[in-house]
Amino acid sequence: MRKALRGFLSLAVLIGTVSATGASAGAATAAEPAAFRSTAGLDSGTSTDIKDRILAIPGMSLIEEKPYEGYRYFVLNYTQPIDHRHPSKGTFQQRITLLHKDTSRPTVFYTSGYSVSTSPGRSEPTRIVDGNQVSLEYRFFTPSRPEPADWSKLDIWQAASDQHRVFTALKQIYSKNWLTTGGSKGGMTATYFERFYPDDMDGVVAYVAPNDVVNKEDSAYDRFFENVGTKECRDRLNGVQREALVRREPLEKKYQEYAAARGYTFETTGSLDRAYEAVVMDYVWAYWQYRLLSGCDTIPADAENASDQAIWDSIDSISGFSFYTDQGLKGYTPYYYQAGTQLGSPNIEQPWLGNLSRYGYQPPRNFVPRSIPMKFEPSVMRDVDTWVKQHANQMLYVYGENDPWGAEPFRLGAGARDSYVMTVAGGNHGSNVAGLDADDKAKATAAILRWAGVAPAAVLDDPAKAKPLAKFDARLDKRDVMNERGPRP
């Protein structure tokens, strides 16, 4: 699938022109004193201000620029085809952010696979290589959604082609090495980009990326929940979850009051009862996804004798009772659409619940408005999995030992070259290179530096000496917690 599409897009199909807003903003920047541009422009390659160079790209326009010491930070729109196979059939505006350091530095292409943050932030590889960072909002996450929305154009190839066009446009300015990265759905996105456009990037760093190769075969997740953590912790979590279903009547009354007070509705799931059970069924998964074994003492030890409020509070703090409301689901429609058409989704047994569940682990179809048609394509993930095993080149996967999504990871095959899969001991869905043991951390850091073309000679001689080139910045390097509720990657 991907090989046939390699090189499909080029500068010849770049469309659109700089908007009037972008053009006027560029003109204003050009009028700034040269002394300011030399310090704030941070562009060693040319005397032209970096904003002017970016806005000279056809289809690129400026939303705003935000100051940040040592960088220039731009929030941009880029004109993209709704359908990359038929570019003449309409366009939409896709939001991009650009953390500019210097064109002489490497560039990291980041996506969460969801919406993009418009506050300056730096992914771990960007800090490691001390580079620029381009962050892309995934198509169909608002406001980067075509109107009207043709949902059939939301697939992994179209999204990878979005990235390819952005890279092709910006590579003219940022000519040094490029890496792509992302965590969870962003790690999946980085993998799919590499699958369809293997000649674009110089390396891939994919964090906690799920790989649901056969959607109907999910026994790996059941085995995971039988053994994760300790029996004491599992028993606590299972007990609270079970009690939440045993006490469905009083807790659903509380849920109804909670929803009414906030104006929440349940049209997408079909009923408050379905939404309530979906929240409860997420509880154990969500705990291991974002909590640690060390936090298990916060879970009620004797669930049967705990108060209704204690059960409610524990479920709400981990799963979130607001999520499966119409208002909570709205922002995740593109994710659930993809899960139900290409990505796949887990279906776990949770035998400790006996016959208390009325609906089981509900499929993505239940969380997407019925007006949006969905049909699953079982061959898509098998294709990606086979490609990674046979062709992975300069790719790094990092997983957390106690993260449920790691139960079905990407694995390397005989055809892989200079690629790695590493696991953070006791790690959750926030696992990264910094959390690896000392040997793996050095090996991973050295590989990232090498792929980016900035590995010091001492690191090339001895990978154990590898460390990030940029100092930690508490504001720039804080974790993006946008999607940290429930079993969504």
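The values are calculated or read from the model by the stated rules, or taken from the named source; none is laboratory data. Just so it is clear, the structure is predicted and the values come from calculations on it, not from any experiment. Glycine also receives a Cβ, built like all others from the backbone with ideal geometry; neighbour counts cover every protein chain displayed. Heads up: the accessible areas ignore ligands, DNA and RNA and are worked out on the full protein's heavy atoms, side chains in. Shrake-Rupley method; radii C 1.70, N 1.55, O 1.52, S 1.80 Å.
Roughly how many Å² is the accessible area per residue of the chain, as a whole number, for a 1.4 Å probe?
So the chain comes to 40 Å² accessible per residue, rounded to a whole number.
Lysine pairs in the stretch 378-489 with alpha-carbon atoms under 26 Å apart, 8 or more places apart or on different chains: how many are there?
12
Quick one: Cα centre-to-centre distance for the stretch 99-127 and the stretch 272-323, in angstrom?
If you average the Cα positions of each part, the centres end up 34 Å apart.
Which lysines have a Cα lying under 18 Å from the Cα of Lys51, excluding residues fewer than 8 positions away in the same chain?
Lys66, Lys101, Lys171
Just to confirm a number: summing +1 for Lys and Arg and -1 for Asp and Glu over residues other than Asp326 whose beta-carbon lies under 13 angstrom from that of Asp326, what do you get?
My count for the surroundings of Asp326 gives +3.
Which longest uninterrupted range of the chain lacks any trypsin sites (Lys or Arg not before Pro) assigned by DSSP to a loop state (not H, G, I, E or B) and surrounded by at most 13 other Cβ atoms within 10 Å?
217-357
Have a look at the DSSP beta bridges in the chain and tell me what percent are antiparallel, nearest 5.
50
I'd like the carbon and sulfur percentage of the solvent accessible area for the chain, probe radius 1.4 Å, heavy atoms only, ligands and nucleic acids excluded.
It is 50 percent, rounded to a whole number.
Under 18 Å Cα-Cα from Lys216, which lysines qualify once same-chain neighbours fewer than 8 residues away are excluded?
Excluding near neighbours in sequence, the set is Lys375.
Work through the residues other than Trp178 whose Cβ is under 10 Å from its Cβ and net out their charges, Lys, Arg +1 and Asp, Glu -1.
0
Based on Cα positions only, what radius of gyration and what Dmax would you give for the stretch 403-456, in angstroms?
Rg and Dmax of the stretch 403-456, Cα atoms, are 12.5, 37 Å.
Using a 7 Å offset from the Cα along the Cα-to-Cβ direction at both His86 and Arg417, what is the distance between the two label points in nm, to one decimal?
Distance between the two pseudo-spin positions: 3.9 nm.
Name the aspartates and glutamates eligible as straight-distance cross-link partners of Lys89: C-alpha to C-alpha under 12 Å, and not fewer than 8 places from it in the same chain.
Asp150
Using the Cα atoms as the points, what is the convex hull volume per residue of the chain in Å³?
In the chain, the Cα convex hull volume per residue is 152 Å³.
With the Cα gyration tensor of the stretch 312-363 giving a ≥ b ≥ c as the square roots of its eigenvalues, does the rule (a/c under 1.5 for rounded; else a/b larger than b/c for prolate; else oblate) give rounded, prolate or oblate?
Verdict is oblate for the stretch 312-363.
At q = 0.22, 0.23, 0.24 Å⁻¹, what is the log10 ratio I(q)/I(0) for the stretch 112-224, with the Debye formula run over Cα points and no solvent?
Each listed q corresponds, in turn, to -1.35, -1.43, -1.51.
For the stretch 230-342, what mean projected area does the convex hull of the alpha carbons give, in nm²?
7.6
Considering only DSSP states other than H, G, I, E and B, which GluC sites (Glu not before Pro) in the stretch 203-256 qualify as loop sites with at most 13 other Cβ atoms within 10 Å?
Those satisfying the criteria are Glu217.
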